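The values are calculated or read from the model by the stated rules, or taken from the named source; none is laboratory data. For clarity, every value in this text was computed on a predicted model and none was experimentally measured. Heads up, the Cβs are rebuilt from the backbone with ideal geometry, glycines too, and the neighbour counts pull from every protein chain shown.
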Ligand code: 6PG
């Protein structure tokens, strides 16, 4: 197993700044090369303060929002104004505060009558946005890590882990008693840049298992994340890195 590419930040604020700087750099490079950048946002609680930082006057000017297309790496099957909505969180924290054209913001239509329809519709959105019938290639996929080893909505022992038939899929997750919608591992792995942003002591044990434990992706789905040809970077704070071998 090649040594993981890890950046350890002193604390949460440093983690946010380092990740913000990386997103500025990667989206800027993509826009310079292809006149646009595609970024899949992660959900949960960790990235909220990052999104808020990117919306501040200090950072807002550093991103070319007019050429940035935002997507969701995963979503809960709840309305966009529901407290659990990843889009709702990102919209409140950042999207509603920055000059990104509405047509550049691609949320999952979770108001559709079923999770399956929401997933199928989002697959259509992705295929159109990437103008491909094959695997969409994101410039950047931002990911978080759950204490149980899940990432995006790729939860342990769920059918979606082995799904090679979809680019975006719906899945019932017994563990959280909810439907989730997620990019499949093959799409994440096809990205040009995959960035895990991980914070807090509660992630230290699972992070060590994922990076240095046996390969058990059914139990630790974040181990499925291996870029086909792009980069994979783990940006973590010291609390989350506490159980890693000293660099
Ligand atoms: C989600 C996320 C998920 C998240 C992890 C970590 O929809 O919940 O996309 O993969 O990144 O669950 O969540 P926290 O950042 O809240 O610990």
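Show me the strands (runs of 3 or more DSSP E) entirely contained within the stretch 20-113 in which 1 or more residues are more than 24 Å from residue 155 (Cα to Cα) and more than 16 Å from the ligand (Cβ to nearest atom).
Details: elements: 37-41, 68-72, 74-76.
Those strands (runs of 3 or more DSSP E) span 37-41, 68-72.
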* Of these, 126, 145, which one is under 16 Å from the mean Cα position of the chain (by Cα), at pLDDT 95 or above and either away from the ligand (no atom under 16 Å from the Cβ) or part of a strand (DSSP E or B) (or both)? -> 126
* Please work out which one of (1) within 18 Å of residue 233 (Cβ to Cβ); (2) buried (at least 19 other Cβ atoms within 10 Å of the Cβ) is the condition residue 10 fails and give its number. => (2)
* Among the candidates 187, 195, single out the residue that is within 26 Å of residue 116 (Cβ to Cβ) and in contact with a strand residue (DSSP E or B) (Cβ under 8 Å, 6 or more places away or on another chain). => 187
* Options 240, 191; residue that is outside any helix (DSSP H, G or I), within 12 Å of the ligand (Cβ to nearest atom) and within 28 Å of residue 17 (Cβ to Cβ) -> 240
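Among the residues in the stretch 198-207, are any outside any helix (DSSP H, G or I) and farther than 30 Å from residue 31 by Cβ?
Yes.
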* Which one of the conditions (1) within 13 Å of the ligand (Cβ to nearest atom); (2) surrounded by fewer than 24 Cβ atoms within 10 Å (Cβ to Cβ); (3) under 13 Å from the mean Cα position of the chain (by Cα) does residue 150 fail to meet, given that it meets all the rest? -> (2)
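Matching residues to (1) over 24 Å from residue 32 (Cβ atoms); (2) in contact (Cβ under 8 Å) with a residue 40 or more places away in the chain:
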residue	(1), (2)
57	no, no
71	no, yes
81	yes, no
92	yes, no
98	no, yes
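Given the residues 131, 169, which is the only one that is more than 11 Å from the ligand (Cβ to nearest atom) and assigned to a loop (DSSP other than H, G, I, E, B)? Talk me through it step by step, then tell me what you get.
Numbers: 169 fails: assigned to a loop (DSSP other than H, G, I, E, B).
When all the criteria are applied, what remains is 131.
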* So residue 159 fits all but one of (1) away from the ligand (no atom under 15 Å from the Cβ); (2) within 27 Å of residue 49 (Cβ to Cβ); what number is the exception? -> (2)
